[in-house]
Amino acid sequence: MNQLIDLISQPWHWSISGFMIAMIMFLLLWAGGEFGVSANLRTMCSIGGAGKSADFFNFNWKSQIWNLVFIAGAIAGGFIASQYLASDDPVQVSQSTVQFLESKGIHPPETMAEGAGFVPNEIYNSWTWSSFIFLIVGGLLIGFGTRYGGGCTSGHAISGLSNLQLPSLIAVIGFFIGGLAMAWGILPSLLTLF
Amino acid sequence: MKYIKFFLIGIIFGIVMTKSEAVSWFRIYEMFRFESFHMYGIIGTAVVVGIIGTAIIKKVHLKDVTGKVISFNPKNMSVPRYLIGGIIFGLGWAMTGACPGPLFTLAGHGIAAIWVVIISSVVGTYLYGYFRDKLPH
């Protein structure tokens, strides 16, 4: 058992990770669900009473409870992985990314891989106004964009492309247009604010 | 009781998201900077395995646990909807370094500020629902 935990605790090779993500999708299909995490954000709006002011949220959200349970499991899984399956090494980001981030005043991961080592402290642990607004804007874009585009990475990039759906390919192209514009055009100046 | 299996699959998902490092802001930024193959390898492998598995599921008319044949609902065709929506999400993905799955996984890591992103993403979804009729689809 300890050997198994040691084995899982190493950072995983990308092929193992990718294979496991596909398995998650198959398990969800087998269980009678489907792989699409952002749908939960709509369900949460409906539960909160958003249907009173926007018809889009008037749907039978009870049919989506399984998906909320799934993300509750993801929270538990994140807890288990960070508490009991953490590796000793920080995330092995490429040297050129590290140098670029340092030039912008963002510290690369140098602690253990899990927990704080996964996200930059300057953004996620500084609680300054600039980081707070940054996170709010990022969240708004995620929530608005995923529902407008009909899905996120799980629904389009994994489930949709696996089913060879053209709309999902268009969405994934959009993800990368937006992501590249942010990473190359906007983030380099924003990162110096922290 | 029927929900327990979803909870267990969710736990595996949270562990996979963590150990794959797909929850890492650094990995996402590195991906968009084309400075590592890591994330492309993960997504590429998932899609290749996914395409093969999905084809098999359709071919053998595999049934789910409830006995229903697993079906895939094709999405309505549109370019502006998926492209514009996708671009908006992509901007947020690169900023926060997290798509919705990792958002919840990172909450499990105990990163308190991720709840700011989760709550504002729910608000963002509400704003879409509110302005939906005025947007090109």
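The values are calculated or read from the model by the stated rules, or taken from the named source; none is laboratory data. What you see is a predicted model; the values in this text were computed from it and never measured. Using ideal geometry, Cβ is built from the backbone for each residue, glycine included, and neighbour counts are taken over all protein chains shown. Only protein heavy atoms, including side chains, enter the accessible area calculation; ligands, DNA and RNA are left aside. Shrake-Rupley method; radii C 1.70, N 1.55, O 1.52, S 1.80 Å.
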Can you tell me the dipole magnitude for the protein assembly as shown around its Cα centre, using point charges on the Cβ only (Lys, Arg +1; Asp, Glu -1), in Debye to the nearest 20? 1380 debye
At 37 °C and 0.692 mPa s, what whole-number value in µm²/s does Stokes-Einstein give for the translational diffusion of the protein assembly as shown, with Rh from the Kirkwood sum over Cα pairs? 167 µm²/s
For chain A, rounded, prolate or oblate, judged on the Cα gyration tensor with a ≥ b ≥ c (square roots of eigenvalues), a/c < 1.5 rounded, else prolate if a/b > b/c? oblate
Can you pull out the buried accessible area for chains A and B, both sides counted, probe 1.4 Å, rounded to the nearest 100 Å²? 10200 Å²
Top to bottom by accessible area (1.4 Å), largest first, where do B:F131, A:F175 land? B:F131, A:F175
Averaged over A:180-186, how many beta carbons belonging to a partner chain fall within 10 Å of each residue's beta carbon? 6
In the protein assembly as shown, taking the dipole from +1 charges on Lys and Arg beta carbons and -1 charges on Asp and Glu beta carbons about the Cα centre, the listed residue (B:V116, A:S46, A:G174) farthest towards the positive end is A:S46
I'd like the chymotrypsin sites (Phe, Trp or Tyr not before Pro) in region A:36-134 restricted to DSSP loop residues with at most 13 other Cβ atoms within 10 Å, sorted by number. A:F59, A:W127
Over 32 Å between alpha carbons, listed pairs A:K62/B:K58; B:K75/B:K134; B:K58/B:K134: B:K58/B:K134
Shielding of B:50-63 by partners, i.e. mean partner chain Cβ atoms within 10 Å per residue? 4
Taking protein heavy atoms only, a 1.4 Å probe, and rounding to whole percent, the accessible area of region A:1-85 owed to carbon and sulfur comes out at 63 percent
Given points 7 Å out from each Cα along the Cα-Cβ axis, report the B:V48 to A:D89 separation in nanometres with one decimal. 2.3 nm
What whole number of Å gives the distance from the Cα centroid of region B:11-73 to the Cα centroid of region A:92-164? 19 Å
Furthest towards positive pole of dipole, B:Y130, A:F19, A:N125, structure part the protein assembly as shown, Cβ charges: B:Y130
Find the centroid of the Cα atoms in region B:74-137 and in region A:1-75, then give the distance between the two in whole Å. 15 Å
A correct Stokes-Einstein calculation for region B:37-84, using the alpha-carbon Kirkwood radius, 25 °C and 0.890 mPa s, returns a whole-number D in µm² s⁻¹ of 185 µm²/s
In whole percent, the fraction of accessible protein surface over chain B that belongs to carbon or sulfur atoms, probe radius 1.4 Å, stands at 70 percent
Can you give the direction-averaged projected area of the convex hull of the alpha-carbon atoms in region A:1-85, in nm²? 7.1 nm²
Please calculate how many Å² of accessible area the protein assembly as shown carries per residue, with a 1.4 Å probe and no DNA, RNA or ligand atoms counted. 42 Å²
With each run of n ≥ 4 DSSP H residues scored as -39500 (n - 2.57), what mean residue ellipticity at 222 nm is computed for the protein assembly as shown after dividing by its residue count and rounding to the nearest 500 deg cm²/dmol? -19000 deg cm²/dmol
At q = 0.13, 0.14, 0.15 Å⁻¹, base-10 log of I(q)/I(0) for chain B (Debye sum, equal scatterers on each alpha carbon): -0.82, -0.96, -1.09
Quick one: among B:I57, B:I28, B:I15, which has the greatest mean-square fluctuation in a GNM of chain B with alpha-carbon springs under 10 angstrom? B:I57
Which residue fluctuates the most in chain A, going by a Gaussian network model with Cα springs under 10 Å, if the choices are A:A171, A:A157, A:A54? A:A54
Can you give the average number of partner chain beta-carbon atoms within 10 Å of each beta-carbon in peptide A:7-18, as a whole number? 6
Over chain B, what is the relative contact order in percent, taking alpha-carbon pairs closer than 8 angstrom and at least six residues apart? 30 percent
With an 8 Å Cα cut-off and a minimum separation of 6 or more residues, compute the relative contact order for region A:1-85 in percent. 27 percent
Which of A:S168, A:S130, A:S154 moves most in a GNM of chain A, Cα contacts under 10 Å? A:S130
